[in-house]
Every structure is written in C-alpha cells, then in structure tokens.
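K.L.:
Take a look at this one; I'll ask things after.
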Amino acid sequence: MRTVRAPATSANLGSGFDVFGVALDRPADVIRVERAPRTTIDVTGVGSQYIPTDPEKNVVGAVADALDAPAHIEIDKGVRPSSGLGSSAASAAGAALALNALYERGHTRTELVPVAAEGEAVVSGEAHVDNVAPALLGGFTVAREDEVTPVETDISLVACLPEIAVSTRDARRVVPDRADMADVVHTVGSAATLTVGMCRSDPELVGKGMDERLVTPARSELITGYDAVRSAALEAGATGVTVSGAGPSLLAVCDPDERGRIAAAMLDAFEDAGVEARAYKTRVGGGADLF
Ligand SMILES: Nc1ncnc2c1ncn2[C@@H]1O[C@H](COP(=O)(O)OP(=O)(O)O)[C@@H](O)[C@H]1O
Ligand SMILES: N[C@@H](CCOP(=O)(O)O)C(=O)O
C-alpha cells in the first residue's frame, strides 16, 4: 500500500490563464492505493457525495489506466469538488504519484504531470496542467504546451470558498473567444510583474500582477458577492485578489500577519451577500508528499 497527501492548488492567478498555478499548503486530499486486479474506488471526506466512484468518471480511474496500474484507490477528500482549488487535480496528482510508486514505474514528478492531466480531461474536457503541475512539483509553476517551470517562493495567501458550486467545464464556456490588443498588452504586463514577484517572494508585485481584463470579468459574474468580497479583502490589506482557478473561490495575496484580518473581512462580505463560506489561511506550499 502507498499513501500520498496531495495539496489544493490555485490556477491562473488572474493574468496567467491556463499557465500559472500555485500549490497551497492546505487543504489537501489523502490518497491510498493497493494493488488489485481491476480498479475500484472509495471516496470519503468533504463533498464526497458529489464524486463518482465509477473509474470511468473519477479522475483517478483515468490515471490508473494511463499508468496501466489497476488498484483499489481510497480518496479522503480535503479539497471540496467544484471549488476552484484544484479538487480534481489533487486526486489526479495524488493517484499518479502513489500508483507510480506502487507499481515502481520510475517516472519523475515532471513526467507524471501529463499523466495526471489525463484525469483533468475526464472532468473538464481538456487535459490542462495548471493545477496538476503545482500539485506534483510544488511552489509557483509556469506551464507551456511543452514544458513546466517550477519556482520556489514564499508568499502568504487567503483562499475563501463560498458554498456555491462552479464546475470548471461550465466556467470554461464563458471565456471569450477573442481579445482586444490593449487588454492583451495589459495582461502580458501583469503576468510578467507577477512572475517577478514570485521570484522575489514579493506580495506587492504578485498582487499587482494578478490584474487582468480577459477572463476574470466574465467568470466573476458566476460568483455571488464577488465585487464586495474582493473590495473587503483589499480594504483589509490584501495586495491583490482574483478568482481562484475557475471559481467560485477567491484568492487573496498578503503579508503573513494580515491573513486573519483578510479572512474575516472576506467571510463577513460573503455573509452580507447571503452566502456561507469558509476561509483557508494558507501560503504557497510544496508538492504532494509520498509516504
Ligand atoms: N477524485 C475527484 N475529486 C474531485 N472531483 C472529482 C474527482 N473525480 C471526479 N470528480 C468530478 O470533478 C468535478 C470537480 O472538478 P472541477 O470542476 O475541476 O472542480 P475543481 O475546481 O474543484 O477541481 C466534479 O463534478 C466531481 O464530481
Ligand atoms: N485554467 C483552468 C483552471 C481550473 O482550475 P479549477 O481549480 O477550477 O479546476 C481554468 O481556468 O479553467
């Protein structure tokens, strides 16, 4: 038997749609795998009632197929599904690392990124790697078609998850097909600023670099209370706030000591909008741990 703790992740960070991602030090899924003649799946934990156990429909089934590694797979969910916190990616990355060890396949973590992305294709229709890359490699990751670059960084965050479900598949449908050149130039400037901020562990630059006008405006409309919660976080000291992944979570960047105040302000603003929410005071963390 092998066990993996696989972290939540936050993709996009505003200006890096389908490119940027960070591993969060909490919450996380725990995946246990045991050799078996065919793949079977048990799911417990947060939101487990919404997660299929059919290997054709659960992300870990696609990962087991891709590695030719049938197993009994137990998933203890710490990352709620349809959260914008890489719930499906945590399970896919965790299963990839655990099954690779169980069957001694010998793949590196970097080689497991496209394997785990096969799981993402099951739920969102596309094998995007911006969540599975940080879930496996840790830190801040920049994903291109042909490679992923991980960067170690020390950045504090608050992730605020409202009791709203936004599926990644639905949130991809609202992304515009075309962009105005001025908005593209603005986004490139933001993405570059954010990248420098991550390399320097500078929350001011990271927060500034989240700003963009291509994808976030359409997606924020799917989140009740978004504008009020974002303003509350900025007033409480966040250096930048945006939609986490495809939503509905919001991600705020800040100094470590400001996390409590920002979390409270975001929860209050969601409550005023009639939405229950929970907040994670977190930071950019490491990749999945294999036990
Ligand atoms: N192991 C899994 N963990 C989480 N969600 C899963 C898993 N397997 C399949 N799913 C399905 O994936 C969808 C959630 O994925 P997604 O919409 O990408 O949300 P998130 O942003 O949290 O990753 C849900 O419909 C859920 O039932
Ligand atoms: N780049 C993807 C990221 C989806 O992240 P998730 O955590 O919401 O699954 C997108 O923006 O669609």
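K.L.:
Averaging sequence separations of C-alpha pairs under 8 Å and six or more residues apart, then dividing by the length of the chain, give the relative contact order as a whole percent.
P.N.:
24 percent
K.L.:
Please give the contour-minus-distance gain from D146 to D180: 0.36 nm per residue of separation, less the Cα-Cα distance, rounded to one decimal in nm.
P.N.:
Working it through step by step, the gained length comes to 9.6 nm.
K.L.:
Same structure, new question: Can you tell me the FRET efficiency between D227 and V188 if r is taken as the Cβ-Cβ distance and R0 is 22 Å, rounded to the nearest 0.05?
P.N.:
According to the calculation, E is roughly 0.30.
K.L.:
For the range 156-283, build the charge dipole from Cβ charges (+1 Lys, Arg; -1 Asp, Glu) around the Cα centre, then report which of V241, I164, P176 sits farthest towards its positive end.
P.N.:
Looking along the dipole axis, the top candidate is P176.
K.L.:
Let me ask another. Using only the C-alpha atoms of the chain, find the volume of their convex hull and express it per residue in Å³.
P.N.:
Taking only Cα atoms, the chain has a hull volume of 110 Å³ per residue.
K.L.:
Please order Y50, Y226 by the number of other Cβ within 10 Å, starting at the fewest.
P.N.:
By the 10 Å Cβ count, ascending: Y50, Y226.
K.L.:
On to the next question. Modelled label-to-label distance, M1 and R26, 7 Å Cα→beta-carbon offset: nm?
P.N.:
If labels sit at M1 and R26, their model points lie 2.5 nm apart.
K.L.:
Specify the angular offset, from 0 to 90 degrees and rounded to the nearest 10, of the alpha carbon long axis of helix 181-200 from the longest principal axis of the alpha carbons in the chain.
P.N.:
70 degrees
K.L.:
If the cut-off is a Cα-Cα distance under 20 Å, which aspartates and glutamates reach K208, setting aside same-chain residues fewer than 8 apart in sequence?
P.N.:
Filter leaves D18, E152, D154, D183, D227, E235, D255, D257, E258.
K.L.:
Net charge near V30: determine it from the other residues with C-beta under 11 Å of the C-beta of V30, scoring Lys and Arg +1 and Asp and Glu -1.
P.N.:
The answer is -1.
K.L.:
Let me ask something else about it. For R35, put the label point 7 Å out on the Cα→Cβ axis and report which residues of the range 48-82 keep their amide N under 11 Å from it.
P.N.:
Backbone N within reach: 70.
K.L.:
If you place +1 on the Cβ of every Lys and Arg and -1 on the Cβ of every Asp and Glu, how big does the dipole about the Cα centre of the range 156-283 come out, in debye to the nearest 20?
P.N.:
460 debye
K.L.:
What percent does the relative contact order of the range 111-179 come to when contacts are Cα pairs within less than 8 Å and at least six residues apart?
P.N.:
Reported relative contact order: 21 percent.
Every number here is computed from the coordinates shown, using simple stated rules; none is lab data. Predicted model only: the values in this text are computed from it and were never measured. Glycine also receives a Cβ, built like all others from the backbone with ideal geometry; neighbour counts cover every protein chain displayed.
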